[in-house]
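S.K.: Have a look at this one.
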Amino acid sequence: LVLMHFQSFRIPNPRNLFILLISILPYHFSGGFSPYVSSRLCRKTLSRQAISKVRDSSHKSVLIENPAVILEQIYEDHGRSFGRYENLNENRGTASMSKEEEEITVPSITWARDDICNAKVAALTADPIFNHTIAQMFREAMTEWWKDHPATSRYTYQGNQEAHLDAMCAYNETVRHQVENILHKKIFPLVRSLFDDLRHEQQLCLYDSLFLRYDGKKLDRRQEAGLPLHRDLGLVSINVMLNDDFERGGTFFEGLLKESMTCHQDDQNPVLFPKGVGHAILHSSNQRHAGVTTTRGQRDIWVIFVTTAELRPQDIATRLKMMAEASDLEQRKVYLKLALKNCPNDGEIWHDLGMTLHSIGKRPPHLVLEYLNRAKELLPRDARIFNNIGTMLERHPQLMKKNQLSSLMAFEQCLRLYKMYSFYNCPDVQHHLETSAWNYAIVLTNRGLWQPALRVLQLIRHDSKLAAEAEKLSNVCRSKLSGMGS
């Protein structure tokens, strides 16, 4: 405001000086000119807010750069999660395992693997975690819960339903007893046996847990009975099947797509199902996956997100990414840089930070491209990265000489991946596919490649928001092709 007044009024007069004075006074008395007071106020404000509240507009102009302040907020949020499930969390301590713990039998499992990276993606139990009777009891309790409470969802589309475990346990004592028994005798021991870095962890606990119902009866174009590609919070995600009388559904894993796979190969389906009612799928929470659209019936599952009492770098980085999504560009950059320090091999952070720096506009294009190429190395099946690499190369053609991918190759790979997501019924893919197709079509027409542009424009549906523009561009392509023919 001071700069604005100095720039606006060249000739000082009493009226202008008065306006300047009343502009300064509120900032002075609020501590705006004192770095110490300012940081104290910011710290106090943050301590009252959950991470999901960071998007509040009153905090967007306050740039938080102190890592200690940021991490304090993350630890406070973790403490709230720990407190919600304190009675269900593992009570292990530093002592050796008791005789009861030693007698726990862990279900046998099989691993689905990533052939490109030679890494484990998801584990499927060969033996059930619990029987059909318990599964049916959970389903009946879910239905009773939704009779008394609004059937809304924070994690999925509004057509789906969810019930958080802490609320269900408080609502139904039988559910609480069964859940406590399953967690301590099956889930926590199984997590320790499968994930080596958690084998000797002092205490495992729940970040969150919920019962979910994907309802195929409510399926339409705007509201799909599934969950788009995403990553979870926590360290390990567990998905337990409660029924099997539905069609489609399942969990799609991006890491199970093969390099040479087409949409018609079934030798390794990237959509996994638990082997039956009471069986589970376990995977690292940072594996990108989707809840495939359920087309008929109701698919009920119990989802569990396991973390540790002491926060680990992966957990911190994931929370920072969530905070970054709700922030303005400068604050997002701060969060993502701190996330990268905690998880330097997380491709999603490299991608998001590269695009943030590009949007801010203070970094040269070749450095932004380096971030995107690093993301591509770590996440070779993420279509978003290829779309953004293609866009960057097209805007800065001088970078193509040193880049392994041309812009055309990047867009081709992007569309190939989106088609595969769509083929396996991942929700909310069509919009992203059409946006990338539009970007690619513009690139092709700018180069006079009319026939390939027409082929790409056919991917945009007639009821799409881009349909009218796509039709205009298609007509231009047809006109050019007919002119060449004559």
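The values are calculated or read from the model by the stated rules, or taken from the named source; none is laboratory data. All of these numbers come straight from a predicted model, not from anything done at the bench. All Cβ positions, glycine included, derive from the backbone under ideal geometry; neighbour counts span all protein chains shown. Areas reflect the complete protein model, heavy atoms only, side chains present, ligands, DNA and RNA absent. Shrake-Rupley method; radii C 1.70, N 1.55, O 1.52, S 1.80 Å.
S.K.: Report the semi-axes of the equivalent ellipsoid for the range 265-391 in whole Å, largest first, where each axis is √(5λ) for an eigenvalue λ of the Cα gyration tensor.
M.R.: 32, 20, 13
S.K.: Could you work out the mean projected area of the convex hull around the alpha carbons of the range 333-486, in square nanometres to one decimal?
M.R.: That works out to 10.6 nm².
S.K.: What distance in nm lies between label points placed 7 Å from Cα along the C-beta direction at ASP148 and GLU377?
M.R.: Roughly 5.5 nm, to one decimal.
S.K.: Could you size up the charge dipole of the range 362-482 around its Cα centre, putting +1 on the beta carbon of Lys and Arg and -1 on that of Asp and Glu, and report it in debye to the nearest 20?
M.R.: The dipole magnitude comes to about 340 debye.
S.K.: Rank these by accessible area, largest first, 1.4 Å probe: THR133, THR293, THR435.
M.R.: Heavy-atom accessible area, descending, gives THR133, THR435, THR293.
S.K.: If you don't mind, there's one more thing I want to ask. Could you pull the Rg and Dmax for the range 424-486, using just the Cα atoms, both in Å?
M.R.: Cα only, the range 424-486: 12.5, 44 Å (Rg, Dmax).
S.K.: Determine by what factor the alpha-carbon radius of gyration of the range 227-329 differs from 2.2 N^0.38 Å, reporting the quotient.
M.R.: 1.22
S.K.: For the range 289-411, with the dipole built from +1 on Lys and Arg beta-carbon atoms and -1 on Asp and Glu ones, taken about the Cα centre, which of ASN342, LEU378, HIS396 lies farthest toward the positive end?
M.R.: Selected residue: HIS396.
S.K.: Label the range 325-369 by shape, choosing from rounded, prolate and oblate, from the square roots a ≥ b ≥ c of the eigenvalues of the Cα gyration tensor; if a/c is under 1.5 it is rounded, and otherwise prolate applies when a/b is larger than b/c, oblate when it is not.
M.R.: Here the range 325-369 falls in the oblate category.
S.K.: Going by average Cβ density within 10 Å per residue, which order do the peptides 438-448, 410-420 take, highest to lowest?
M.R.: Those peptides, ordered most packed to least, come out 410-420, 438-448.
S.K.: For q = 0.16 Å⁻¹, what log10 I(q)/I(0) does the range 166-210 give under the Debye formula with an equal point scatterer on each alpha carbon and no solvent?
M.R.: -0.49
S.K.: For ARG84, ARG213, write out the residues from largest to smallest accessible area, computed with a 1.4 angstrom probe and no ligands counted.
M.R.: ARG84, ARG213
S.K.: Going by a ≥ b ≥ c, the root eigenvalues of the Cα gyration tensor, does the range 380-461 fall in the rounded group (a/c under 1.5), the prolate group (a/b larger than b/c) or the oblate group?
M.R.: Because a/c hits 1.5 or more and a/b fails to exceed b/c, the range 380-461 counts as oblate.
S.K.: Grab the alpha carbons of the range 163-260, take their convex hull, and tell me the volume per residue in Å³.
M.R.: Normalising the Cα hull of the range 163-260 by residue number yields 171 Å³.
S.K.: Which percent of the accessible area of the range 332-486 is formed by carbon and sulfur heavy atoms (probe 1.4 angstrom)?
M.R.: C and S atoms contribute 53 percent here.
S.K.: A further question on this structure: Give the aspartates and glutamates reachable from LYS147 as a straight Cα distance under 19 Å; neighbours fewer than 8 places away on the same chain don't count.
M.R.: GLU162, ASP166, GLU173, ASP215, ASP300
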